[in-house]
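The structure appears below as structure tokens.
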Amino acid sequence: MEPREKLAELNKAKLEKVEEYLQSKVNLREDHQQKIDNAKNEWQASWNKFMEVLLVLESLEI
């Protein structure tokens, strides 16, 4: 399996586990929910940047 595919698979598994955990916590305050949503958005933005870097490195064959 290609390293990028493996990383994407790990990211997907992480997101599923986080969602599963959050669904088990039904009594989240609104401010906590907002912080969680912000963290998810930051994670996704960081993930996208990381994947872009990997693509550049692959094109440079490093």
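So which trypsin sites (Lys or Arg not before Pro) in region 10-62 pass both tests, a DSSP loop state and at most 14 other Cβ atoms within 10 Å of the Cβ?
Values: sites: Lys12, Lys14, Lys17, Lys25, Arg29, Lys35, Lys40, Lys49; in loops: Lys25, Arg29.
Here the trypsin sites (Lys or Arg not before Pro) that fit, given the DSSP loop and packing criteria, are Lys25, Arg29.
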Short version: ³J(HN,Hα) in whole Hz for each residue of region 8-14, in order, from phi by Karplus 6.51 cos²θ - 1.76 cosθ + 1.60 (θ = phi - 60°), x for Gly and Pro, what are they?
4, 5, 5, 4, 4, 4, 4
Can you pull out the GluC sites (Glu not before Pro) in the chain that DSSP calls coil and that have at most 12 other Cβ atoms within 10 Å?
Glu61
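Net charge near Glu16: determine it from the other residues with C-beta under 15 Å of the C-beta of Glu16, scoring Lys and Arg +1 and Asp and Glu -1. Don't jump to the answer; show the numbers that get you there.
On the way: positive: Lys12, Lys14, Lys17, Lys40; negative: Glu9, Glu19, Glu20.
Net of charged neighbours comes to +1.
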Here are a few candidate values for P(r) over Cα pairs in 10 Å bins from 0, in percent: (i) 22, 39, 22, 13, 4, 0; (ii) 19, 40, 25, 13, 3; (iii) 17, 23, 34, 19, 7, 0. Which one was actually calculated from the structure I just gave you?
(ii)
Using the Karplus curve 6.51 cos²θ - 1.76 cosθ + 1.60 with θ = phi - 60°, work out ³J(HN,Hα) for each residue of region 22-30 in order, rounded to whole Hz, and write x for Gly and Pro.
5, 5, 6, 9, 7, 9, 7, 6, 4
Under a crude label model (7 Å from the Cα following the beta-carbon direction), how far is Lys35 from Glu58 in nanometres?
3.7
Which of the listed residues, Val53, Asn27, Ala39, is farthest toward the dipole's positive end in the chain, when Lys, Arg count +1 and Asp, Glu count -1 at the beta-carbon?
Asn27
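No value in this document is a laboratory result; all are computed from the given coordinates. Small disclaimer: the values here were computed from a predicted structure and weren't measured. Note: ideal-geometry Cβ built from the backbone for every residue, glycine included; neighbour counts use all protein chains shown.
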